[in-house]
Amino acid sequence: PGFPAEQEEGEAALTEAELEQRVDIFLSETETLWMLDLPTALVSTEAEEAGRVLERNKIYAEVCNAKIGSEYFEEKMVQTISGAAKTKEVQCETITTAEKGTMVTCWDLDTLDASEAAQTEDPRMPARKSNKSPPAEEQGQAVAVPSAREGAGPARSHEEKECSPEEILTSAKLQQDLVVMERILMENIFQPKLARYRQIPVLIEPVVISETEEEADEDEDEEEKEEEKQEETSLSDPNQSPAEGAGPRLEQLWSYRCDLTSGHSVSSMAWNKVNPDLLAVGYREFVSQDQKKGLACCWSLKNPMWPERIFHCEHGVTAVDFSLGSPNLLAVGMADGRVAIYDVRSRADAALLDSSASLNKHKGPVWQLRWVEQDRGDKKERLMCISGDGRMTQWFMQQRLDCSDVMKIKRTGSGKKKLPGERERKSEGPISQQAAGMCFDFHPEDTDIFLAGTEEGHIHCCSCSGKEQILGTYRGHKGPVYKVAWNPSSTDTFLSCSADWSILLWHRESHTPLLTFTSVTAFVHDIKWAPQSAFIFAAVNERRVEIWDLSVSIFQPVLSCAASPEGNLSSLLFARNAECLLLGDSSGQVGVWQLHNLPVPSTEQVSAQR
């Protein structure tokens with residue numbers, strides 16, 4: 001290459017040898033400057049990140065498919081335009097505030113939340129302004145606009161608050177606060193008794209007294225102890241001598257009663273299958289042979305003084321029972337043959353379903369009803385009823401309540417042989433061919449087998465499946481059979497009680513009673529086996545409750561005492577999670593009694609009975 005001839009001053013000229021010398025020049029690229037970078041949207045299937053890209057695309061496709069048909073998603077193109085940045089000084093104007101006040105009371109402060117809830121529930125109601133604040137034009141300054149919540153709050157005038165006392169009293173917040181207060185009071189009142197019911201230690205608050213009051217308190221304590229001993233002996237077995245030691249006795253904890261149930265007779269009781277603290281009680285009232293209105297109440301251990309739910313019925317309630325598959329459903333049978341189902345979660349008095357529109361409804365009183373499992377361990381249930389019209393029915397819950405006949409109970413002969421020379425009696429009319437059904441009980445292991453007690457004193461062993469519905473008839477009672485009960489431990493034996501003053505023990509294979517129990521001359525209204533024993537059962541007649549222990553004696557009960565001074569006993573029920581007995585009477589109260597010194601048989605005794 002050529003070089004300029006002119007040389008700058010101070011620069012040495014190249015010699016001829018230097019000009020002939022070989023010079024190597026290397027050319028290389030400079031660093032790339034990116035003016036616009038658009039990354040590719042494609043990737044090779046052989047690239048390392050190909051797997052991650054495919055997985056991310058699959059997740060995105062699933063998200064898009066999930067949003068198809070959703071009312072909260074709409075696909076459209078948008079363009080986000082970033083607004084110009086503003087300085088803090090020009091972002092907003094200075095907020096000017098003004099003071100205002102009003103006179104409030106403690107009542108206004110307590111009911112503030114209820115007033116705000118009423119304001120926010122109706123968005124059409126305009127925000128109220130206080131009359132004490134002057135307009136913004138007269139003040140000469142800007143005033144911040146109050147929100148809807150502020151306008152519905154303490155800024156209301158005193159006159160406006162006095163105009164709506166009903167809203168305050170009927171507010172949901174006040175009702176909830178009253179329920180909490182009621183629970184606290186009931187817990188304070190019944191804490192020792194509830195502790196004994198649940199078999200937990202009773203907390204006794206120590207009492208601090210002065211020295212001058214000790215002597216008077218000691219005398220009062222001695223008198224109270226003597227009174228307690230007298231009360232305890234009155235509920236113990238009067239036939240037991242003191243030398244025999246402490247025998248079985250009953251101690252009353254409390255009674256479920258209120259002014260609403262006064263004058264009604266307790267007809268039936270049933271525990272909730274899921275909540276053992278919830279009890280359903282049916283009430284009926286008879287005055288001069290006329291059937292009056294009835295009640296179905298749900299009582300809770302948290303409040304023994306007032307029921308949690310009250311259902312008013314047009315006729316007397318004769319039977320109640322809770323469902324197992326749907327524990328919120330309560331079935332109620334009435335004296336006019338009607339069957340109703342209530343939802344205890346609702347406070348409404350109306351029934352969820354009613355049989356009044358059914359063409360197959362009962363013509364006589366529904367003396368007993370029960371939810372029965374179709375298969376043991378299965379929550380599918382069927383509602384079974386027995387009535388005074390001689391029908392055993394199964395009810396179905398559809399758009400309305402309807403039923404089908406499981407069997408019709410017909411009258412049977414007495415079984416006596418005709419004497420020589422006795423004329424043959426004429427056949428009875430068609431009206432008397434139906435025998436009134438009084439009670440039933442399903443076998444604890446086979447839900448197709450059940451017992452049905454009738455008004456004529458017979459007990460039929462029946463089957464729900466098969467052509468032969470009546471498998472056998474047990475004749476032993478001379479009056480209506482009020483209750484039958486299978487033994488839950490020894491499933492081949494059962495009990496029955498009747499208006500003929502007797503209790504009979506039967507074996508399934510024998511049509512004659514094994515044992516007959518009679519202690520007093522009074523109707524035996526109800527019987528129940530003890531849940532933890534195969535030998536102990538309880539029975540109530542008009543005036544007394546009896547506890548029988550077959551492992552001790554078959555001639556007299558181990559305990560017989562009067563447990564209802566105000567009326568006649570009508571029904572009984574063992575507690576599910578406590579050693580207590582519930583007794584209902586004709587005065588409308590259900591007494592809760594604790595069982596003391598009741599022996600529990602051993603496993604060898606239960607196996608021997610089986």
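The values are calculated or read from the model by the stated rules, or taken from the named source; none is laboratory data. Model, not experiment: these values are computed from the prediction. FYI the Cβ positions are ideal-geometry reconstructions off the backbone, even for glycines, and counts take in every protein chain you see. Calculation scope for accessible area: heavy atoms of the full protein, side chains included, ligands and nucleic acids excluded. Shrake-Rupley method; radii C 1.70, N 1.55, O 1.52, S 1.80 Å.
How far is it, in nm, from the label point at THR102 to the one at MET181 when both lie 7 Å from their Cα along the line to the Cβ?
2.5 nm
Quick one: if the Förster radius is 60 Å, what FRET efficiency do ILE200 and LEU36 give, using the C-beta to C-beta distance and rounding to 0.05?
Working from the Cβ atoms, E equals 0.15.
Step by step: find N for region 506-551, compute 2.2 N^0.38 Å, then divide the Cα radius of gyration by it. What's the final number?
1.24
If you add up the charges near ARG543, with Lys and Arg at +1 and Asp and Glu at -1, over every other residue whose beta carbon is less than 15 angstrom from its beta carbon, what do you get?
-4
With Cβ to Cβ distances under 11 Å as the rule, what net charge do the other residues near LEU194 carry (K, R +1; D, E -1)?
+2
If amide H atoms are built 1.01 Å from N in the plane of the peptide, which residues on other chains or at least 5 residues away come under 5 Å of the amide H of ALA436?
GLU455, GLU456
Which ³J(HN,Hα) values in Hz, rounded to whole numbers, follow from the phi angles of region 61-69 under the Karplus curve 6.51 cos²θ - 1.76 cosθ + 1.60, where θ = phi - 60° and Gly and Pro get x?
Each residue of region 61-69 in turn: 5, 5, 5, 5, 5, 5, 8, 5, x Hz.
Kirkwood Rh, region 465-564, all Cα pairs: how many Å?
Over region 465-564, the inverse of the mean reciprocal pair distance is 14.1 Å.
For region 40-46, in order, what is each residue's ³J(HN,Hα) by Karplus, 6.51 cos²θ - 1.76 cosθ + 1.60 with θ = phi - 60°, in whole Hz (x at glycine and Pro)?
Each residue's phi maps through the Karplus curve to give 6, 8, 10, 9, 6, 5, 8 Hz.
Please compute the per residue accessible area over region 259-402 with all protein chains in place, 1.4 Å probe, rounded to a whole number of Å².
Spelled out: the 1.4 Å probe surface of region 259-402, per residue, equals 44 Å².
Show me the chymotrypsin sites (Phe, Trp or Tyr not before Pro) within region 493-524 that DSSP assigns to loop and that have at most 13 other Cβ atoms within 10 Å of their Cβ.
Passing sites in region 493-524 do not exist.
Can you pick out the pairs among LYS100/LYS173; LYS273/LYS380; LYS478/LYS528; LYS408/LYS483; LYS173/LYS302 whose Cα atoms lie more than 23 Å from each other?
Checking Cα-Cα distances, LYS100/LYS173 exceed 23 Å.
Extension gain ALA50-HIS312, at 0.36 nm per residue separation less the Cα-Cα distance, in nm?
Contour length minus the Cα-Cα distance gives 87.0 nm.
On full extension of the chain, what length is gained from GLU16 through SER404, given 0.36 nm per residue of separation minus the C-alpha to C-alpha distance?
126.5 nm
What full-extension length gain, to one decimal in nm, is calculated for LEU27 and ASN275 as 0.36 nm per residue of separation minus the Cα-Cα distance?
80.1 nm
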